[in-house]
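Just so it is clear, none of the values below were taken in a lab; they were calculated from the coordinates. Since this is a predicted model, take the numbers as computed values, not measurements. Note: ideal-geometry Cβ built from the backbone for every residue, glycine included; neighbour counts use all protein chains shown.
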Amino acid sequence: MNLFTLFLSALLINNIILAKFIGICPFIGVSSKVEPAIGMGLAVIFVIFGASVLAWLLYKFVLVPLELEYMELICFILLIAAFVQFVEMFIKKTSPSLYQQLGIYLPLITTNCAVLYAAQNNISEGYNLIETMVNSLGIAGGFMLMLVIFATIRERLQGNNIPKAFQGNPIAFIIAAIMALAFSSLAGLV
Amino acid sequence: MEKKQGFFTKLLVENPVFGLYLGICSSLAITTTLNNAIGMGVAVIFVLVFSNIFVSLVRNITPDDIHIPVYIVIIATLVTIVKMVIQAYAPSLYTALGAFIDLIVVNCIILGRAEAFASKNSVGASAMDGLMMGLSYTLSILAMSFIRQLLGTGCLSLSNPFNNATIFDIRLLPQGYEIPLFTGQTGAFLTFAVLAACIAAYKNHLDTLEKEETKKGATK
């Protein structure tokens with residue numbers, strides 16, 4: 001598979017949110033306004049890319065030689081937690097306003113399934129380092145794309161007359177359902 | 001009677017999935033059949049109960065700064081155990097659940113309960129809390145998979161995950177009347193939206209009841 005197809009399929013066809021149902025919690029949580037959605041998206045791209053590459057190196061050069069493959073899950077989640085902590089400190093130092101906006105969602109990237117999924121997906125598909133980079137960029141890009149599109153739609157929804165029971169999150173899931181329908185037609189692209 | 005209603009209300013309104021929107025990813029992804037939902041439910045109950053127990057045991061000796069990594073290591077260890085057991089004894093379930101067994105680690109319900117409840121309460125209470133939360137998670141995903149399997153395939157079926165023997169398999173909708181959309185992604189989001197709206201409507205109903213009652217009390 002060439003790298004462009006790999007990127008495109010991770011970005012659109014196997015989009016983690018609409019096709020794999022991964023990373024829904026922050027997707028619903030941060031997507032009510034466009035600006036924090038972009039900030040969160042960028043943070044997630046950075047974390048997924050960094051963590052995937054580090055996890056790949058850790059797996060290939062530490063776990064495999066030591067025959068500790070079964071420790072994969074524990075090592076990866078610790079790696080991700082440490083990496084997110086690092087990013088959090090970095091953003092706090094360099095951009096306090098962004099830090100304030102992202103608020104509680106930054107530590108939550110640790111428990112964002114997308115990061116762990118990306119790290120494990122690269123290993124289980126047997127990608128090499130270049131493919132790992134491309135695939136994790138595709139996965140993270142797909143996450144951000146959905147987050148921004150979704151936030152735009154939700155901003156438009158504000159002030160509309162929605163049935164009381166559907167206000168807030170339920171209507172967001174209806175939108176997600178319609179978006180999933182639209183994206184399923186891209187399946188034949190690659 | 002009153003206690004029973006309280007329990008029922010709590011199960012619905014404080015439901016981790018539809019009420020608090022935790023652990024949504026797995027509840028959308030694996031609820032295509034009753035089998036997957038039960039398998040996932042049991043795995044989550046196991047991890048939740050034991051993670052609550054261990055977190056509660058170490059709650060007094062864990063330094064505050066590193067409590068999250070400690071909890072995550074406990075949870076990841078338990079999930080690795082569950083994964084190995086499922087892989088060894090129920091391979092068909094293992095393929096069906098796929099990456100979502102690993103993703104139990106990052107299921108917000110588990111870390112959430114460890115942080116909010118088990119780190120402050122005794123071992124017994126924590127185990128009980130884990131069991132209750134796990135049960136209401138399982139009930140939620142069972143409800144989802146019931147609707148999706150029924151509408152998507154027209155059948156309800158259950159089989160033994162250890163040897164794939166069928167326990168029951170009934171066709172409730174006549175052939176040609178099933179809606180395959182419901183087995184796919186769109187159906188998952190749609191089912192979730194409608195169920196969450198039902199819970200929200202029930203919550204609104206309770207709120208108005210309460211308001212009327214306080215009004216009555218004020219006029220008295």
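Worth a mention:
- Tensor-based shape of the protein assembly as shown (alpha-carbon gyration tensor, a/c under 1.5 rounded, otherwise prolate or oblate): rounded
- Simple spin-label estimate for B:Phe168 and A:Ala182 gives 4.2 nm between the two label positions (7 Å along the Cα-to-Cβ direction from each Cα).
- Value of [θ]222 nm, deg cm²/dmol, for the protein assembly as shown, DSSP H segments ≥ 4, -39500 (n - 2.57) each, nearest 500: -22000 deg cm²/dmol
- Coupling constants for the range B:67-78 follow from the phi torsions by the Karplus curve (6.51 cos²θ - 1.76 cosθ + 1.60, θ = phi - 60°), and in residue order they are 5, 5, x, 4, 4, 5, 5, 4, 5, 5, 4, 4 Hz; glycine and proline get x.
- Projected label points at B:Leu135 and A:Lys93, each 7 Å from Cα along the beta carbon direction, are separated by 5.0 nanometres.
- Projecting the Cα atoms of B:Gly217, B:Ala201, B:Ile101 onto the dipole axis of the range B:84-220, where Lys and Arg carry +1 and Asp and Glu carry -1 at the beta carbon, places B:Gly217 farthest toward the positive end.
- HN-Hα J in Hz across the range B:31-48 - Karplus 6.51, -1.76, 1.60, θ = phi - 60°, x for Gly and Pro: 8, 7, 9, 4, 4, 4, 4, 5, x, 5, x, 5, 4, 5, 4, 4, 4, 5
- Shape call, the range A:1-100: gyration tensor on alpha carbons, a/c limit 1.5: oblate
- Check: the protein assembly as shown dipole with +1 on Lys, Arg Cβ and -1 on Asp, Glu Cβ, in debye: 960 debye
- Across every direction, the projection of the convex hull enclosing the Cα atoms of the range B:2-219 has a mean area of 15.3 nm².
- Extent along the principal axes, Cα only, for the range A:42-148: 44, 25, 20 Å, with the longest axis given first.
- Distance violations [Cα-Cα > 32 Å] among A:Lys33/A:Lys92; A:Lys92/B:Lys120; A:Lys33/A:Lys60; A:Lys33/B:Lys215; A:Lys33/B:Lys203; A:Lys20/B:Lys120: A:Lys33/A:Lys60; A:Lys33/B:Lys215; A:Lys20/B:Lys120
- Long hydrophobic helices in chain A, taken as whole DSSP H segments with a C-alpha length of 27 Å or more on their own axis and mean Kyte-Doolittle hydropathy at least 0.5: A:34-58, A:72-94, A:129-157.
- Between the residues A:Leu58, A:Val115, A:Met144, the greatest Cα displacement towards the positive end of the dipole of the range A:3-188, with unit charges on the Cβ of Lys, Arg, Asp and Glu, is found for A:Met144.
- Look at B:Cys25, A:Cys113 and count the other Cβ atoms within 10 Å of each Cβ; fewest to most, that gives B:Cys25, A:Cys113.
- The dipole here belongs to the range B:1-111: it is taken about the Cα centre, uses +1 on the Cβ of Lys and Arg and -1 on the Cβ of Asp and Glu, and is about 280 debye.
- Dipole magnitude (debye, nearest 20) for chain A, charges at Cβ of Lys, Arg, Asp, Glu: 620 debye
- Taking a ≥ b ≥ c as the square roots of the eigenvalues of the Cα gyration tensor, the range A:133-190 is prolate, since a/c reaches 1.5 or more and a/b is larger than b/c.
- Measuring max minus min along each principal axis, the C-alpha atoms of the range A:3-188 give extents of 60, 44, 27 Å (largest first).
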